[in-house]
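Each remark here refers to the structure printed beneath this line.
Please treat every number below as a calculation from the coordinates, not as lab data. None of the values given here were measured: they were computed from a predicted structure. Every residue, glycine as well, gets a Cβ built from its backbone with ideal geometry; the counts of neighbours run over all protein chains shown.
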Amino acid sequence: THVAAPPAGAQAADSLLDRAAAAIAAGRTLRASFEQTLTNPDIGETRTTRGEFAQRGASRFAFRFTEPAGDAIVADGAAIWVYLPSSARGQVLKLPVAQGAQLDLLAQLLTTPRTTYRVTAGADTTVGGRPAGVFTLVPKAQNAPFTRARLWIDRTDALVRQVEAVELSGLVRRVRFRDVQSDVDLPHDALTFTVPPNVKVLDAAGLMGNL
């Protein structure tokens, strides 16, 4: 029985998502500035934060905020450190890597995307003046940290220019990347976290072990 080949447009869309996933799997480095918006549809409130982003592969990343200044979320490969002195002064939360999946949307969405999600390619658009393919991903598993997500992937270099996820609470998290650079040398401390003086570490793994 002859099976018709998918349309050329569908093949191109598939190839774009696969290229973006391959970059994560290969452990390539990424550096960019970001703007994050958190929208709570229940109360119609949106909060915007900004900063610098760095990543190496699927297990190490860092969001270092300039607005609010001093906040940081860093995954060093062994744990995820959530340090938010703007709202929780004097403490840092240390999370097991598995618990911080919703904080690292790029790796979460681009690690075996076709196995983990139902993927739908949408109409092309532009992000920051660059042509981008749009993909909607709906988790197949029931225990995912979000109900659906979207990726905007640059048509030219297959780098993610924007990502959005609807969390279980209904909160919509959107991150737009600017000045994106790949395969760059990162500073030696870009993906590490040093606990500041007089800051208490709240170890989530230890707390769970005591339950």
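Assorted remarks:
- Amide H within-cut-off set for Leu159, under 5 Å, with H built and near neighbours excluded: Asp154
- Most mobile listed residue (Glu67, Glu164, Glu45) in the chain, GNM with C-alpha springs under 10 Å: Glu45
- Phi angles across the stretch 141-158 convert, under the Karplus curve 6.51 cos²θ - 1.76 cosθ + 1.60 with θ = phi - 60°, into 3J(HN,Hα) values of 7, 7, 9, 5, x, 8, 8, 6, 8, 9, 10, 10, 10, 4, 5, 7, 10, 6 Hz, Gly and Pro given as x.
- When the chain is described by a simple charge dipole with +1 on each Lys and Arg Cβ and -1 on each Asp and Glu Cβ, the residue from Ala79, Gln142, Ala62 located farthest towards its positive end is Gln142.
- Choice from Ala32, Ala123, Ala20 showing the highest fluctuation, given a GNM over the chain with Cα pairs closer than 10 Å: Ala123
- C-alpha center-to-center spacing [the stretch 106-138, the stretch 22-43] in angstrom: 12 Å
- Amide hydrogen proximity for Thr29: with H placed 1.01 Å from N in the peptide plane, the residues at 5 or more positions away or on another chain lying under 5 Å are Asp183, Val184.
- With contributions of -39500 (n - 2.57) from each DSSP H run of at least four residues, the per-residue ellipticity at 222 nm computed over the chain stands at -4500 deg cm²/dmol.
- Charge dipole (Cα centre; +1 on Lys/Arg Cβ, -1 on Asp/Glu Cβ; no other charges) of the chain amounts to roughly 200 debye.
- Rounded to the nearest 20 debye, the dipole magnitude of the stretch 101-211 is 540 debye, with +1 charges on Lys and Arg beta carbons, -1 on Asp and Glu beta carbons, and the Cα centre as origin.
- Amide H to amide H distances under 5 Å link Ile80 with Leu95, Val97, where only residues 5 or more positions off or on other chains count and H is placed in the peptide plane.
- Considering only alpha-carbon pairs that sit under 8 angstrom and 6 or more positions apart, the relative contact order computed for the chain is 23 percent.
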